[in-house]
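The values are calculated or read from the model by the stated rules, or taken from the named source; none is laboratory data. As the structure is a computational prediction, the values presented were derived from the model and not from experiment. Ideal geometry is used to build each Cβ from the backbone, glycine not excepted, and the neighbour counts take in all protein chains shown.
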Amino acid sequence: MHSSKTKFSFKNGLSLTEGIESLKRYATNLKGIFSDAKSLEKILEKNPLIYEFYDLGVEEKPGNLAYGTSIVYPGVVGKEFYMTKGHFHTVLDTAEVYLCISGRGLMLMENPEGITEIQELTPGEAVLVPGRFAHRSINISDTEPLVTFFTFAADAGHDYGTIEQKGFRKLVLRTGDGTYEVVDNPNWKA
């Protein structure tokens, strides 16, 4: 492997390096992720961009570090804030670090034994997601994207299927006064 250099915008997280494209997740890509399926159906016609991220194609072998940025846009589906799908790592004991570049959000984390943690993210704050924890970024701002820089062991892999099948045990919902509350997910499957 050779060294590489990627330039990211600190304003919006987008790659400024020519030829690097983000992977985009629209509402149609997130069926089954939001608990309020009826509210999701209502926005499918417009199919808004919920989030995007940069996978820089680092070879998935021991010793390499994968890295990139994730941009979660502001919005809600019903009362649920826009968020990423969330995943475990295939190599379950793999940790990951997220550094908030801009915006305001939460990192929702949950391990197979049911321990749930939530950490707020504001610019300059980093969250270490421990190994064995599924994790999901949630944008709790009404006006600006949540932009994070992430890094993890490149050979860790991604297990999206477990979250797609079971969901997270907790949901983060917008309240009437513009804040958020954490509630049990009525659709979680044991």
*For the range 23-105, which strands (runs of 3 or more DSSP E) that fit wholly inside it have 3 or more residues that are modelled with pLDDT under 95 and not small (Gly, Ala, Ser)?*
65-72
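Would you be able to say whether some residue in the range 51-64 is more than 24 Å from residue 101 (Cα to Cα), touching a Phe, Trp or Tyr at 6+ places or on another chain (Cβ under 8 Å) and of a type in the set (Gly, Ala, Ser)? Spell out how you get there, then give the answer.
Just the residues of the range 51-64 that are more than 24 Å from residue 101 (Cα to Cα), to begin with: 59-63.
Next, from what is left, pick out any that are touching a Phe, Trp or Tyr at 6+ places or on another chain (Cβ under 8 Å): none.
Among the residues of the range 51-64, not one is more than 24 Å from residue 101 (Cα to Cα), touching a Phe, Trp or Tyr at 6+ places or on another chain (Cβ under 8 Å) and of a type in the set (Gly, Ala, Ser), which makes the answer no.
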*Counting only residues that are under 13 Å from residue 30 (Cβ atoms), under 10 Å from the mean Cα position of the chain (by Cα) and of a type in the set (A, V, I, L, M), how many does the range 58-99 have?*
2
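In the range 75-104, which residue that is in contact with a His (Cβ under 9 Å, 6 or more places away or on another chain) and among the β-branched types (Val, Ile, Thr) is surrounded by the most Cβ atoms within 10 Å (Cβ to Cβ)? Can you show your working first?
First, pick out the residues of the range 75-104 that are in contact with a His (Cβ under 9 Å, 6 or more places away or on another chain): 84, 86-90, 95-96, 98.
Applying the additional criterion that residues be among the β-branched types (Val, Ile, Thr) yields 84, 90.
Details: 84: 27, 90: 12.
Among those that are in contact with a His (Cβ under 9 Å, 6 or more places away or on another chain) and among the β-branched types (Val, Ile, Thr), it is 84.
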_Among the residues of the range 106-142, what is the count of those that are assigned to a strand (DSSP E or B) and in contact (Cβ under 8 Å) with a residue 40 or more places away in the chain?_
11
*Determine, yes or no, whether residue 171 is among the aliphatic types (A, V, I, L, M), in contact (Cβ under 8 Å) with a residue 24 or more places away in the chain and either surrounded by 15 or more Cβ atoms within 10 Å (Cβ to Cβ) or touching a helix residue (DSSP H, G or I) at 6+ places or on another chain (Cβ under 9 Å) (or both).*
yes
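Report yes if residue 190 is closer than 26 Å to residue 8 by Cα, out of contact with any Pro (no Cβ under 9 Å at 6 or more places or on another chain) and not in a strand (DSSP E or B), otherwise no.
Numbers: closer than 26 Å to residue 8 by Cα: no; out of contact with any Pro (no Cβ under 9 Å at 6 or more places or on another chain): yes; not in a strand (DSSP E or B): yes.
Against the criterion (closer than 26 Å to residue 8 by Cα, out of contact with any Pro (no Cβ under 9 Å at 6 or more places or on another chain) and not in a strand (DSSP E or B)), residue 190 does not qualify.
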*Within the range 151-158, is there a residue that is modelled with pLDDT under 95, assigned to a loop (DSSP other than H, G, I, E, B), surrounded by fewer than 21 Cβ atoms within 10 Å (Cβ to Cβ) and in contact with a His (Cβ under 7 Å, 6 or more places away or on another chain)?*
yes
